[in-house]
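S.K.: Quick one: this structure, given as C-alpha cells, is what I'll be asking you about.
Taken together, the values in this text are just the output of simple stated rules run on the coordinates, not laboratory data. All of these numbers come straight from a predicted model, not from anything done at the bench. Every residue, glycine among them, receives a Cβ derived from its backbone with ideal geometry; neighbour counts consider all protein chains shown.
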Amino acid sequence: MAAVPKFKTPPRATESPADPSLFLGVAQSARGFAWRERLPPQAHKLAGAISQQYGLPDLLGRVLAARGVRLEEVSTILDPTIKALMPDPASLRDMDKAAARLADAISAKTNIAIFGDYDVDGASSSALLHRFLGHHGVPARIYIPDRLFEGYGPNVTAIETLIKEGARLIVTVDCGTTSFEPLAAAKGKADVLVIDHHQADVQLPDVYAVVNPNRQDDVSGQGHLCAAGVVFLVLVATQRELRRRGYYKDHPEPNLLSNLDIVALATVCDVVPLQGVNRAFVTKGLQVMRRRENAGLRALFDAAGLDSAPNPYHLGFILGPRINAGGRIGDAALGSKLLATHDPLEAGRIAVILDKLNKQRKELETQMLEEATAMAETQVEANPDMPLILVGSEAWHKGLVGLMASRLVDRFKRPACVIAWEPNAADSARTTGTGSLRSVAGVDIGAAVRAAFAAGQLIKGGGHAMAAGLTVERVKAAALHEALSARLKDATARARINAGLEIDGALTPASINDDLMNLLDRAGPYGQGNPQPRFAFPAHRVKFAKIVAEAHVRVTLEAGDGGRIEGVAFRAVGQPLGDLLLGSVNAMPIHVAGTVKRDTWQGREKIELMIEDAADPRKQG
C-alpha cells in the first residue's frame, strides 16, 4: 500500500492581507462562502501534541484538534465503546420511575400502547420499545399519527382510542413533552410515560414520568441524545430493574446491544451531535448493521440496491429518506413496522413500498422546490438582510415542507420556514397551515418558535435549535413572520457575516488512497458535531463534466501532475456551483472543495469527491 503523504500546513491567502485566515485566498466562492482553515491558530500546538503522544500521523492530529478533541479524550474518540461512554441511565430525571413502571407492566403483562412520531427517530424509538416488549411477551401496539390529518404528537382522539382498545400504559416516544391536553385525556384511565428529547418549558404534562434530558430540571448532560438514544437508556434501566427483582431467573434476558443498529440509524438521521455516547451508538451500531440481522434494515438495503458495508452516509441519505417517505406521503406507520418486524417476507414487502414512495417524494419535491425558491428569491431581492424566509402554498404537501426549508437554508444561508396551507374556500383568512423551520449554526429556531407559541401566535409549536415545527392560522402569518424576524435578526446577521466553508487541508488526487481513507475513518463516525473532513483541491482543471439525473453535475478533475479524481456535485444544476463546474471544462484551473468517500458500484470500490463548493482563483482578492 502507498503511504499516506505527510500532511503540510495548507497555503494561506496572500492577496488579502486584511483577512489572513482565508484558505487559498477564497473570499467569495461559487456558493458565496469564504474558505477558512478549520484548525484555529491556537490549536496547532494541540494537534502536534496529539500526534506525538499517540503516535498518529499529522493529518489525524489536525483533524482531531480542529474538532475540539482534548488530549485526554483521544483514546475514547478513536475507539468509542459503549462501556467507556455510556452514562448512568439513572442520571436522567424520572428515569427510575419510568423503569419501575415498565418493569411492573412487563411482570404483569400489561397491555401497552406506544405512541411515536412519523420520522426516522420516532419510527426507530417505537421499534426499539416494541422489540423489547415483544421479547418479554408483552402485548403492545405502535400508533403513529397521520402527518396530514393528525399532525405531530399525541391528540385527544388517538389517546382515547388507545384506551378503548385496552391500553393501560401509554408510552410516547419522540413526542409528548408539550402535549398537555391530549395526555390529560388519559388521566385516571391509563398511566403515561413520556420518553422524548425535544426542548421543554418549565411546565410539563401531568403524567407518571417524563424522561427527557432536555427538560429544564434535568442535569444529566445528555441533551445531545436523539429520542431513540433516550429510549435505549430507558430499556437499559428497565432491564437492570427486572434483573434486580430476579425476573431473569426464569426468563431469558434480551441482548440490547443487538438493537444498536436501530439506535445508530436514528442518531444519524436526526442529526444530533456525535458526541459522548452518540459516537459509540453509531460506531457499534454500524458494526451490528453489517451483520444484517435486522430483517427490516436488510430488506431496505436490498430494495435500495446497496451491496456495500453501511456507513453514516448510507444511513442519512439512503435508508433515512426511504423510512421517512412513509410518513411524508404514504402510511406513516410503515417505518416503525419495518424496523420492528422479524418476518423477512413482511419486511421485503414494506421495503419495496417505501422505495417506491421515496421515488414519488423526489418528484413532488422537485416541483415544490421550484415554486418555493421563486418565492424566496422575491423576498430576498426586496430585503437582502431578511433574517428569516417564510413561504407557503395551498398546493404544497405537508410531508415535504421540512425538506423544502432545508433546501432554502442551503440556498440563501439564513433560517427558513415553509408552510403548507389547508385549502379553505369558505374563509381563507382562518385557514391553518403546517410549517417546518430549519436554521443555520448559531441561530436557535426552536427557542424562537416556543416564544411565538407562548405569545399566542401559534396553535402549536416546538423543536430544536436547528429544526422546528408549527401550526399557525393564515391570518397570523404576517405577524408571525415579523415576530420571528425580530427575534432572529441579530443572530442571523452574525451567522451570515461568519458564514464560511471550513477546510481541513489541501489534497491532490495522487494523495487519495486506501491508507488515507483508513486514517480518516479512525476519527469517525462523522456527522453533526463531528463534521466529515473537508479538503480543497487547489488549481484543478475540469477535464469532463455532465449533468446526471437532471439535477446533479458529475465531473473529472485533473491536477497539475496529471492525477485525476471523479466527483459529483448534488443538486448543483442551475446553481452558481453547477454553472462554474460546467463552464470550466478544459478552461482555466479552479479550486474545488468537498469530502472524499469510498463508493462501491457493481462490486468495484473507488474513491470519489463529494463536491460542496468551488471557486475561480481569478475572482479572489
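S.K.: Give me the distance in nm between label points sitting 7 Å out from Cα along the Cα-to-Cβ direction at Leu148 and Leu345, one decimal.
M.R.: Label at Leu148, label at Leu345, 3.0 nm between them.
S.K.: Taking the Cα atoms only, what angle lies between the long axis of helix 120-135 and the longest principal axis of the chain, rounded to 10 degrees?
M.R.: With rounding to tens, the tilt is 40 degrees.
S.K.: Using θ = phi - 60° and the Karplus curve 6.51 cos²θ - 1.76 cosθ + 1.60, what whole-Hz ³J(HN,Hα) does each residue of the stretch 167-183 get, with Gly and Pro shown as x?
M.R.: For the stretch 167-183, the Karplus curve yields 5, 10, 9, 10, 10, 8, 10, 6, 5, x, 4, 10, 8, 5, 5, x, 6 Hz.
S.K.: Report ³J(HN,Hα) in whole Hz for each residue of the stretch 431-440, in order, from the Karplus equation J = 6.51 cos²θ - 1.76 cosθ + 1.60 where θ = phi - 60°; Gly and Pro get x.
M.R.: Once rounded to whole Hz, the list reads 4, 9, x, 9, x, 10, 10, 10, 10, 10.
S.K.: Using only DSSP helix segments of four residues or longer, with each worth -39500 (n - 2.57), what per-residue ellipticity at 222 nm results for the chain after dividing by its residue count and rounding to 500?
M.R.: Value at 222 nm, helices only, nearest 500: -12000 deg cm²/dmol.
S.K.: In nanometres, what is the gap between the two model label sites at Val585 and Leu257, each 7 Å from Cα along Cα-to-Cβ?
M.R.: Result for the modelled spin labels: 5.3 nm.
S.K.: Helix 260-269: angle to the longest alpha-carbon principal axis of the chain, degrees 0 to 90, nearest 10?
M.R.: Tilt relative to the chain: about 60 degrees.
S.K.: Right, next: Pull up the DSSP beta bridges for the stretch 494-593 and report the antiparallel fraction as a percent, rounded to 5.
M.R.: Roughly 85 percent of the DSSP beta bridges within the stretch 494-593 come out antiparallel.
S.K.: Where in the stretch 70-84 does the label zone of Arg290 land, with the point 7 angstrom along Cα→C-beta and an amide N cut-off under 11 Å?
M.R.: Nothing falls inside the zone, counting backbone N under 11 Å.
S.K.: Here's something else I'd like to know. Return the distance in nm (one decimal) between the two label points of a simple spin-label model at Leu78 and Asp201, each offset 7 Å from Cα along Cα→Cβ.
M.R.: Each label point is offset 7 Å from its Cα along the Cβ direction, giving 4.9 nm.
S.K.: So who's got an amide H within less than 5 Å of the one on Glu612, skipping anything under 5 residues away but keeping other chains? H placed 1.01 Å off N, in plane.
M.R.: Under 5 Å from the amide H of Glu612 lie the amide H atoms of Ala593, Gly594, Thr595, each far enough along the sequence or on another chain.
S.K.: Let me ask something else about it. Figure the gain on full extension for Ser107 and Ala184 (residue separation times 0.36 nm, minus the Cα-Cα span) and round it to one decimal in nm.
M.R.: Gain in length upon complete extension: 25.1 nm.
S.K.: With the Cα gyration tensor of the chain in hand, convert its eigenvalues to equivalent ellipsoid semi-axes via √(5λ) and list them largest first in whole Å. Before the final figure, lay out the partial values.
M.R.: Numbers: eigenvalues 329, 182, 105 Å².
Ellipsoid half-lengths, sorted descending, are 41, 30, 23 Å.
S.K.: Sticking with this structure for a sec: Can you give the extra length, in nm with one decimal, that the chain gains between Asp561 and Phe544 once fully stretched, where that is 0.36 nm per residue apart less the Cα-Cα distance?
M.R.: In short, 4.4 nm is gained.
S.K.: Full extension from Val156 to Asp307: what is 0.36 nm times the residue separation minus their Cα-Cα distance, to one decimal in nm? Intermediate results must be reported in sequence, preceding the final value.
M.R.: Working: separation 151, 0.36 × 151 = 54.36 nm, distance 4.42 nm.
Residue separation times 0.36 nm, minus the Cα-Cα distance, leaves 49.9 nm.
S.K.: What residues have an amide H closer than 5 Å to that of Tyr143, excluding those fewer than 5 places away on the same chain, when H is modeled at 1.01 Å from N in the peptide plane?
M.R.: Close amide H contacts, sequence-distant or interchain: Ile114, Phe115, Gly116.
S.K.: From the backbone phi of the stretch 299-316, what are the Karplus-calculated ³J(HN,Hα) couplings (6.51 cos²θ - 1.76 cosθ + 1.60, θ = phi - 60°) in whole Hz, Gly and Pro given as x?
M.R.: Result, ordered by residue: 5, 5, 4, 5, 5, 7, x, 8, 10, 10, 4, x, 9, x, 4, 4, 5, x Hz.
S.K.: State to the nearest 20 debye the size of the charge dipole of the chain about its Cα centre, where the only charges are +1 on K and R beta carbons and -1 on D and E beta carbons. Intermediate values should be presented prior to the final figure.
M.R.: Details: 71 positive and 69 negative charges, 155 e Å.
The calculation lands at about 740 debye.
S.K.: Amide H of Arg93: which non-local residues (sequence gap of 5 or more, or other chain) have their own amide H closer than 5 Å, using H built in the peptide plane?
M.R.: Hits under the 5 Å cutoff: Asn212, Val219, Ser220.
S.K.: Give me the angle, in degrees from 0 to 90, between the Cα long axis of helix 477-497 and the longest principal axis of the Cα atoms of the chain, rounded to the nearest 10.
M.R.: On a 0 to 90 degree scale, this one is about 40.
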